[in-house]
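Peer 1: Handing you a structure now.
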Amino acid sequence: MTTLAIVRKELQLYFTSPLVYVLGAVFLALSGYLFYTNLHWFVLYGGMNLERGLWEIQFHDMRRLLLFLVPMLTMRLLAEERRLGTLELLWTYPLRDGSIVFGKYLACLAVLALVIAGTLAYPMLLARLHPVNLPAVLTGYVGLLLLASAFVACGLFVSSLTDSQLVAGAATYGVLLFFWLLNWNEAAVSDGALPWLRVLSLFDHFEVFAQGGIDTRDVAYFGLFTLCFLCVTLLGFESRRWRGVR
């Protein structure tokens, strides 16, 4: 069994469960409603920068929706395997721990990418009525995918710590919310600590993407964030050997 086999197995589990369809429908319905209200607001208050401001607000709204969606998709990745005892069964296969971790990560990210791709209908519909800055919109979607990859890596790690899906989902939401609110209360921290909190704040690194730009420092941040959580998840797998578990 390889990483690709794990991906296929996870995708099969996702798409044979009503959860993905329900979550996907809710995400698309809410993001569609937000797009309609945002567009209506910009049209109502004429003279606003529709070309830039509309998509910046829309991407911010979809970012918030991902904060709720991802924990519900990642909570079962390893917690359910641990509860059912199938995780120990996976360990008996001639399969590297990295293949298990990376396979589950890729499968969940693929599902998220598919759900996010459904929102491409919004710029396509608007393009029939008003010019759309396609490079800026695509840049925003790149930022959403990078943000989603960081969310999934975090959720996978939290799911590896418990056998309860509810605990995994709630804890993942709490961790992601912490990285969002990290530098909100600027008056409560010293001037020296604030720049460091801004560097660590997950959502601050999305701002440039939402505005239609790309900063390599933000790309590096999301890549490092994702890699760190995947590595600590893998280390957790390896620790079973240190404890004498086979």
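FYI, it's all coordinate maths here, none of it is from the lab. Since this is a predicted model, take the numbers as computed values, not measurements. FYI the Cβ positions are ideal-geometry reconstructions off the backbone, even for glycines, and counts take in every protein chain you see.
Peer 1: Taking the simple approach of a point 7 Å from Cα along Cα-to-Cβ for both R96 and T162, what is their distance in nm?
Peer 2: Calculated label separation equals 3.1 nm.
Peer 1: Just to verify a number: FRET efficiency for V22 and L177, C-beta to C-beta distance, R0 = 22 Å, to 0.05?
Peer 2: After rounding to 0.05, the efficiency reads 0.45.
Peer 1: Follow-up. Give the Rg (one decimal place) followed by the Dmax (whole number) of segment 123-177, computed from C-alpha coordinates and expressed in Å.
Peer 2: 17.1, 50
Peer 1: Could you please report the charge total around L73, scoring K, R as +1 and D, E as -1 over all other residues with beta-carbon less than 13 angstrom from its beta-carbon?
Peer 2: Every neighbour counted, the sum reads 0.
Peer 1: Would you mind ranking W41, W180 so that the residue whose beta carbon has the fewest other beta carbons within 10 Å leads the list?
Peer 2: W41, W180
Peer 1: Can I ask one more? Distance between the C-alpha centers of segment 20-42 and segment 50-82? Whole Å please.
Peer 2: If you average the Cα positions of each part, the centres end up 12 Å apart.
Peer 1: Which of F151, F178 comes first, and how do the rest follow, when ranked by fewest Cβ neighbours within 10 Å?
Peer 2: With the fewest neighbours first, F151, F178 line up as F178, F151.
Peer 1: So how do I214, I116 line up by other beta-carbon neighbours within 10 Å, fewest first?
Peer 2: Ascending number of Cβ neighbours within 10 Å: I214, I116.
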